[in-house]
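Here, each number is a calculation from the coordinates, and none is a lab measurement. Fair warning: this is a prediction, and the values are worked out from it, not measured in the lab. For neighbour counting, all protein chains shown are included, and Cβ atoms are generated from backbone atoms with ideal geometry for every residue, glycine included.
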Amino acid sequence: MDQLKQAALSFKKLLNQEYDFIIGRKGVKREFRITFVESDFHHLCGLHKLIDISQVQKKDRTKVFEEILSDDIKMETIQKSAFYSEMADRLEALPHLEKMLDSNDLIFRYCSRKNPWSRIEADFLLEGMILEKRTFLFVSGITEIKSCVSFFPFDKTDFSTNQERYTLLEKRKKDIGSKIITLLFDRNSNKKPDKANHP
């Protein structure tokens, strides 16, 4: 299967998932939820990097996602870009995002002022391992409901440096369709992720 479509199909699965986090620092608890929408795929996959491919830049992001799933936009299209190498590592990592979210326990309150050279604005930074590489996921939202704003493997910059690390207290995953909730982590019972299934 086309690598781009494989990434889109894996992300499509996440559209039916929600992750609830309870975190703590210095005796103060915070809660937030991560949800997913079709338009998130564009940035997480790195398609915004391909400024010379009009087919992915001039259309609505949700429409681009749909066209990837319907084979109207394929790997051969995006590989023509002079900037493809700038997104290749994100494309490779994205099919493993769900597995990372199921297993990660490193969470930071993200302060963009501590990384003034970056344009990323986010509330939290989640760190996990994908294909044996440290990988960062940034989430943001004006309420406790957060969406994904950026995602990439570690390269030269450690975005967690000087950020406030929180302790993960509890994490749950909900399947929106079936309403089944899976407890992925509970600090009180020392529970580690073991119920989520992946191919």
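Packing, taken as the mean count of other beta carbons within 10 Å per residue, orders the peptides 22-33, 99-110 from highest to lowest as 99-110, 22-33. Using C-alpha pairs under 8 Å with a sequence gap of at least 6, the mean separation divided by the residue count of the chain gives a relative contact order of 24 percent.
Quarter the surface of the alpha carbon convex hull of region 13-124 and you get the mean projected area, 8.6 square nanometres. In sequence order, region 93-106 has phi-based couplings of 7, 4, x, 9, 4, 4, 5, 4, 5, 5, 10, 6, 9, 9 Hz under the Karplus curve 6.51 cos²θ - 1.76 cosθ + 1.60, θ = phi - 60°, and Gly or Pro positions carry x. Summing Cβ point charges (Lys, Arg +1; Asp, Glu -1) relative to the Cα centre of region 1-114 gives a dipole of roughly 760 debye.
Each listed q (0.17, 0.18, 0.19, 0.20 Å⁻¹) maps to a log10 I(q)/I(0) for region 8-70 from the Debye sum over equal C-alpha point scatterers, namely -0.66, -0.70, -0.74, -0.78. Among 65-76, 176-187, sorting by the average number of other beta carbon atoms lying within 10 angstrom of each residue, highest first, gives 65-76, 176-187. Summary of the geometry: region 46-89 and region 116-173, compared by the centres of their Cα atoms, lie 24 Å apart. Listed by chain and number, the aspartates and glutamates whose alpha-carbon sits under 20 Å from that of residue 174, ignoring those within fewer than 8 places in the same chain, are 18, 20, 31, 38, 40, 98, 102, 105, 144, 186, 194.
Rounded to the nearest Hz, the phi-derived 3J(HN,Hα) couplings of region 73-78 under the Karplus curve 6.51 cos²θ - 1.76 cosθ + 1.60 (θ = phi - 60°) are 10, 10, 3, 4, 6, 6, where x marks glycine and proline.
Return the percentage of antiparallel bridges among DSSP beta bridges fully within the chain, rounded to the nearest 5 %.
Of all bridge pairs located within the chain, approximately 95 percent are antiparallel.
Highest-first packing order for the peptide set 52-59, 34-41 is 34-41, 52-59, based on the mean count of other beta carbon atoms within 10 Å. With 32 Å as the limit, write out which pairs from 29/58; 49/114; 5/171; 99/156; 12/171 have Cα-Cα distances beyond it, or answer none. Check vs 32 Å cut-off fails for 29/58.
Calculation over all alpha carbon pairs of region 81-199 in 5 angstrom steps from 0 returns a P(r) of 2, 10, 18, 22, 21, 15, 8, 4, 1, 0, 0 percent.
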